[in-house]
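Asks: Sharing a structure with you now.
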Amino acid sequence: MNDHPTKRLHDSRSFEERVFARFDTMDARFDAMETRFESRFDNVEGRLETLESRSHDTKPIWERALKAIMELSLEMGEVKTKVGAIENKVDVIENRVGGIESKVDVIEGKVQVLENEMGAMRNDCTGLRKDVLDLKHSLRNRLDMILAVQVDNRDYIRDAEERIATLETKLA
């Protein structure tokens, strides 16, 4: 696709790169949670081994461990639900962006048609200007010729009037 102004949002990366970056961030969070949970489980296991080695009753400890595991399972369920909601929103956004891209393509086509028409109009105007200038030049030349004929006619009329006046004075 061509460069679209709609793709230049607050981030210069493509939509897909931003979505994958979000997923990478979520994966990193899950990894951090998993590491934290593993360390908690390792800690619990260490404590259990210590208690077993001392021959203590571990039932209350196991009950707390099972409770912690259940809480973690609930948290993981919530995280999965949130991830599902995010995926749905991303799908909606992708559909909207696709619609916007289609509209931008249509607008670009119309702009191209308008640019072509403007170019043709400019060419027509350039030819028309040349024609107007040629007509103006031709009219100027013809007016100059008419003016020259009128000046000559005035001279002939004055000369004829002088002759008539001279003849009238001779006859009188």
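Read the figures in this text as sums done on the coordinates, not as results from a lab. Computed from a predicted model, the values in this text were never measured in an experiment. Glycine also receives a Cβ, built like all others from the backbone with ideal geometry; neighbour counts cover every protein chain displayed.
Asks: For segment 73-88, take each phi angle, set θ = phi - 60°, evaluate the Karplus expression 6.51 cos²θ - 1.76 cosθ + 1.60, and give the result in whole Hz per residue in order, putting x for glycine and proline.
Replies: Each residue of segment 73-88 in turn: 4, 4, 4, 5, x, 5, 4, 4, 4, 5, 4, x, 5, 4, 4, 4 Hz.
Asks: Also: Which one, [x] 110; [y] 98; [z] 166, gives volume of the Cα convex hull per residue in Å³ as derived from the coordinates shown?
Replies: Given [x] 110; [y] 98; [z] 166, the calculated one carries the label [z].
Asks: Using Cβ counts within 10 Å as a stand-in for footprinting exposure, how do 107, 61 rank, fewest first?
Replies: Ranked by crowding around the Cβ, least crowded first: 107, 61.
Asks: Assigning unit charges at the beta carbon (Lys, Arg +1; Asp, Glu -1) and nothing else, what dipole magnitude in debye, to the nearest 20, does segment 5-171 show about its Cα centre?
Replies: It works out to roughly 540 debye.
Asks: Give me the angle, in degrees from 0 to 90, between the Cα long axis of helix 15-53 and the longest principal axis of the Cα atoms of the chain, rounded to the nearest 10.
Replies: Helix 15-53 sits at roughly 10 degrees to that axis.
Asks: Turning to a different aspect of this structure: Taking a virtual spin label 7 Å from the Cα of residue 29 along the C-beta vector, which residues in segment 88-114 bring their backbone nitrogen under 20 Å of it?
Replies: 88-94
Asks: Hey, which aspartates and glutamates would be in cross-link range of residue 67, C-alpha to C-alpha under 14 Å, not counting anything within fewer than 8 residues on its own chain?
Replies: Counting by Cα, and skipping residues close in sequence, residue 67 has these aspartates and glutamates nearby: 75.
Asks: Multiply the residue gap between residue 62 and residue 148 by 0.36 nm, knock off their C-alpha separation, and tell me the result in nm, one decimal place.
Replies: In short, 18.5 nm is gained.
Asks: Taking a point 7 angstrom from the Cα of residue 75 along the C-beta vector, which residues in segment 22-54 have backbone N less than 17 Å away?
Replies: 26-45
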